[in-house]
Amino acid sequence: MNATVLSAINEQINSEFESSYAYLAMAAFCEAQKFLGAARWLRLQSEEERQHGMKLFDFVLARDGAVDLKALDQPKASFGSLPAVFEQALKHEQSVTQRINKLYELCFREKAFAEMTELQWFLTEQVEEEKTAREIVAKFRLVGDDPAAILDMDRDLGSRAVAAAAAQA
Ligand SMILES: [Fe+2]
Ligand SMILES: [Fe+2]
């Protein structure tokens with residue numbers, strides 16, 4: 001595996017684990033505010049991001065590359081409100097999409113064909129992740145600060161289904 005590509009994929013493993021950590025911090029914030037549905041949604045999202053990290057971890061090992069786990073940045077722990085958490089989640093996913101695009105571009109330049117194929121899964125996943133976050137944000141914007149509607153939203157978020165492991169997708 002090309003050293004530049006390997007290093008960039010190791011960075012992406014770190015980024016996925018940082019995403020997992022960021023969502024975990026959001027889950028803690030929501031649970032502390034007793035928004036238990038949102039907290040459940042965010043815990044599941046945190047787990048999905050961990051699986052994204054593991055998918056690349058397994059890929060690097062399968063390509064006989066060296067996994068290089070790095071330190072995680074401390075995630076943002078405090079948010080103004082429940083809707084603000086999801087505004088933050090949407091912004092986060094948009095920045096992740098840019099990262100994945102850059103990584104894909106690097107692999108393209110380096111003619112890292114197997115890596116491009118692996119990353120196609122992530123490009124598709126980002127479309128879904130942004131779409132989901134955008135829909136939740138749109139609903140929060142619609143309901144404004146109506147407490148009854150916010151409680152409904154929290155309950156809806158709590159009904160999120162547990163996704164199949166990314167590594168098996
Ligand atoms: Fe991810
Ligand atoms: Fe994500």
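Just so it is clear, none of the values below were taken in a lab; they were calculated from the coordinates. Computed from a predicted structure; not experimentally measured. Note that we place each Cβ from the backbone using ideal geometry, even for glycine, and neighbour counts take in every protein chain shown.
Please determine whether any residue of region 103-113 is in contact (Cβ under 8 Å) with a residue 60 or more places away in the chain, within 16 Å of ligand 2 (Cβ to nearest atom), in a helix (DSSP H, G or I) and not basic (K, R). Walk me through it before giving the result.
Within region 103-113, the subset in contact (Cβ under 8 Å) with a residue 60 or more places away in the chain is 103, 106-107, 110, 112.
Pick out the ones that are also within 16 Å of ligand 2 (Cβ to nearest atom) and you get 103.
Pick out the ones that are also in a helix (DSSP H, G or I) and you get 103.
Applying the additional criterion that residues be not basic (K, R) yields 103.
Checked region 103-113: at least one residue is in contact (Cβ under 8 Å) with a residue 60 or more places away in the chain, within 16 Å of ligand 2 (Cβ to nearest atom), in a helix (DSSP H, G or I) and not basic (K, R).
Kindly list the number of the only condition in (1) touching a residue at least 24 places away in the same chain (Cβ under 8 Å); (2) away from ligand 2 (no atom under 12 Å from the Cβ); (3) surrounded by 14 or more Cβ atoms within 10 Å (Cβ to Cβ) that fails for L69.
Looking at each condition in turn, L69 falls short on (3).
If a residue must be free of Cβ contacts under 8 Å to residues at least 40 places away in the same chain and within 13 Å of ligand 1 (Cβ to nearest atom), how many such residues does region 44-61 contain?
We begin by selecting, within region 44-61, every residue free of Cβ contacts under 8 Å to residues at least 40 places away in the same chain; these are 46-47, 49-50, 61.
From the residues that got through so far, the ones that are within 13 Å of ligand 1 (Cβ to nearest atom) too are 46-47, 49-50.
Residues meeting the conditions: 4.
Which residue is nearest to the chain's Cα centre (by Cα), if the candidates are limited to region 5-63 and must be polar (S, T, N, Q) and more than 16 Å from ligand 2 (Cβ to nearest atom)?
Within region 5-63, the subset polar (S, T, N, Q) is 7, 10, 12, 14-15, 19-20, 33, 45-46, 51.
Narrowing the set further to residues that are more than 16 Å from ligand 2 (Cβ to nearest atom) leaves 7, 10, 33.
Numbers: S7: 20, N10: 16, Q33: 22 Å.
Checking each candidate, the answer is N10.
Name, by its number, the condition in (1) away from ligand 1 (no atom under 16 Å from the Cβ); (2) in a helix (DSSP H, G or I); (3) within 30 Å of I150 (Cα to Cα) that does not hold for K76.
Going through (1) away from ligand 1 (no atom under 16 Å from the Cβ); (2) in a helix (DSSP H, G or I); (3) within 30 Å of I150 (Cα to Cα) one by one, K76 breaks only (2).
If the requirement is being loosely packed, with under 15 Cβ neighbours inside 10 Å and within 14 Å of ligand 1 (Cβ to nearest atom), which of these qualifies: E128, E93? Write out each step before concluding.
On the way: E93 fails: loosely packed, with under 15 Cβ neighbours inside 10 Å.
Going through E128, E93 in turn, the sole match is E128.
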